[in-house]
Structures are given as C-alpha cells and as structure tokens.
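What follows is one structure encoded as structure tokens, with my remarks underneath.
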Amino acid sequence: MELSLVAGSANRPLAAAAAASLGIPLTSADVRQFPDGEQHVQLRQSVRGADVFVLQPTSPPVDKHLIELLFLCDAARRAGAERITAVIPYLGYARQDRRAHAREALAARLAADMVTTVGVDRVVGIDVHGHSIEAFFSAPFDQLSAVPLLLQELVRLGFPSESVIVAPDLGAVKLAERYAKDLDLPVAIVRKTRVSGTEVTVTGVIGDVRGRVPIIVDDMISTGATIRAAADALLRAGARPGATVVATHGLFVGDAADRLCGDWLERVIVADTVRPHTNTLLPLHMVSVSGLLSDGIGRLHRGESLAGLVTYE
Ligand code: R5P
C-alpha cells in the first residue's frame, strides 16, 4: 500500500518537514476558502488504494481548520483511499471535555464524533488536553508525547540547580511530576480558578518556592493568562525571576505574547504542533515534532508498534 501524506493549511511547514523526513513528497492538495467563507478542498493526486495520513492541527481559527480536516478526510475516502489516519498535532475543543456548567455543549465529544463520522480508521494526537478524550473517539486513538523532546531542550539550554517545577493549575500536576522526576527537582502547585476565557485568579501556591527559579510546565499556552497569573503568584511567594515556561502547544492567541513578556521570564519552550508564533519579543525556543510524527506515521504504515512514542496515564 502506498504511503500518502496530505496537509491542511493549518501547519504546512510541519507537514512538509514530516514528509521530508519520511522521504516522500506531500500529496498535492488544493485547500482554499470561497469568498462566502465556505472551505473547499481537492486532492490533486490519486490516493486510490493508498494509506493516507491527513495532517492538520485544529488550531485557531479552530472551526476553519476542523472543517478542512473533515473535508480532506472525506475527499480521501471518496477518492478510494484504503486507510485514512487523521494526524491532529493539536486538538482544538479538547478542553471542553466535560460540562462544567449547566446547559453547556460537550464540544470535545462532538468534535471527536465529526472526525470519526468522516470515516477515519485511526487518529493520532500529541499531548492532548485530558487523556479521557481517547474514549470520545470510536476509532483507535494514539497519543504521542512531545514531552521527551521538550525535556531534552530544557536540559540542553540548562537551568539553575535551585529550580522548582511548577504546575500552574491542578490539571498540570501529573505533567509537573513527570518533569520533576526526570530532572530530580521539587514540585510546587498553583491553585488556579478560571474566571473567563482570558482571566484566571490564583488562590495560593502549594510547596516552597522561596529563592527558587520556577520552571512552569503545562500542556498548552493559549492567552497566557494561566502562566502569567502563576508567575505573579510565584514571585509573591518568594520565587526568583528568570523563569522558564515549557508547554507542548504554543497558541499565543490575542495579546498573549505581551502578557507573557517581562523580567520574570527567561524563556518559553514550545513544540511546533501549531504554526510558530512570530512575535519577536517573546524569548521563544521551538522544538520540532516533525521527527516524532514521521516516526509514528512510518511505524503505523508498516504495522509496527508505537512503543516509546505514545503516552499512557
Ligand atoms: C488548562 O487546563 C490548560 O492546561 C491550560 O492551562 C490553559 O488552557 C491555558 O490557557 P490560557 O493560556 O488561556 O490561560
């Protein structure tokens, strides 16, 4: 079965790098928007009988990129693809995986239903927010992790021995423990409450951060409100400036970069699961997941195990 890698418009540089590392060209596809706002896709090459991987993070603008992904999978199925795998390096809507308030939609479940409805045989994600998402997909779901790559970069750049790994909210505690174990550092936890999409409040810091330099770890940075509130609380609790922030997905929406910039921050390390941010003021270090993806895609194509690439909790 021939291997085909199709890219949506959300992160073509990542798809091109993964294709190059697989030693194949990207399958030619036309992806555009009509003047009325409708999305339109067309595969420019035959994929009949092929093992098709469609790579598209559903990053902002989330709905546009989600629709493109669905359309590309549908186009591949209708064009006679033998097997279709949706490779979604960043999964939008994953944070809406439960109803936190009355009469809300369960958006993560619906997004998963849409992806499986178009006939994908398998889904591959990277550090998806919340492991329970796997249960929302009726197709097999493999979750790869960029954390080993981020850890490697952190070690390469170096950090003070009197650092402390910080979970900026309770949801990040397991992740923080993973970093702390590998780096042999203590853990602190910030108690966060979300007020709105752009506002969070901190009610306290658990753990001793006095005189320590924070390494704040999270799965994603969206508006930067979580990280900034955590940083301010850590400084108030006696932490030293010069913090490092590490996250898999750097969305940096709106004025996130301005919110994050400041003397408290030494650097931000993120992966390229979404298209790299271009604000030059942010001390950004990018780690590419192209090798991780090409390794995963190659193994799935050959029917090999993903051992060492996937995460379980
Ligand atoms: C929340 O549970 C996530 O892990 C992130 O902490 C959060 O979504 C980041 O969003 P923002 O940057 O807008 O605070």
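The values are calculated or read from the model by the stated rules, or taken from the named source; none is laboratory data. All values reported here derive from a predicted model rather than from experimental measurement. Here the Cβ is made from the backbone with ideal geometry for all residues, glycine too, and neighbour counts use every protein chain on show. Heads up: the accessible areas ignore ligands, DNA and RNA and are worked out on the full protein's heavy atoms, side chains in. Shrake-Rupley method; radii C 1.70, N 1.55, O 1.52, S 1.80 Å.
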Filtering the range 261-284 down to residues that are at pLDDT 95 or above, touching a helix residue (DSSP H, G or I) at 6+ places or on another chain (Cβ under 6 Å) and more than 18 Å from residue 19 (Cα to Cα) yields 264, 269
Residues of the range 76-94 being part of a loop (DSSP other than H, G, I, E, B), open to solvent by less than 70 Å² (accessible area, probe 1.4 Å) and within 18 Å of residue 11 (Cα to Cα), which ones? 89, 90, 91, 92
The range 172-201 - residue that is in contact (Cβ under 8 Å) with a residue 40 or more places away in the chain and within 22 Å of the chain's Cα centre (by Cα) and, of those, surrounded by the fewest Cβ atoms within 10 Å (Cβ to Cβ): 174
Can you name every one of the strands (runs of 3 or more DSSP E) wholly within the range 12-75 that holds 1 or more residues which are touching a helix residue (DSSP H, G or I) at 6+ places or on another chain (Cβ under 9 Å) and open to solvent by 40 Å² or more (accessible area, probe 1.4 Å)? 29-33, 39-43
Restricted to the range 21-60 and to residues being touching a Ser or Thr at 6+ places or on another chain (Cβ under 8 Å), hydrophobic (A, V, I, L, M, F, W, C) and in contact (Cβ under 8 Å) with a residue 40 or more places away in the chain, the residue farthest from residue 114 (Cα to Cα) is 22
Could you please give the count of residues in the range 245-260 that are buried (at least 17 other Cβ atoms within 10 Å of the Cβ) and over 21 Å from residue 191 (Cβ atoms)? 7
Given the criterion in a helix (DSSP H, G or I), without any contact (Cβ under 8 Å) to a residue 60 or more places away in the chain and small (Gly, Ala, Ser), identify the matching residue among 229, 233, 307. 233
Being assigned to a loop (DSSP other than H, G, I, E, B), within 28 Å of residue 93 (Cα to Cα) and within 15 Å of the ligand (Cβ to nearest atom) narrows 223, 193 down to just 223
Can you say whether residue 97 is more than 16 Å from the ligand (Cβ to nearest atom), of a type in the set (Asp, Glu) and either open to solvent by less than 60 Å² (accessible area, probe 1.4 Å) or in a loop (DSSP other than H, G, I, E, B) (or both), as far as the supplied structure shows? no
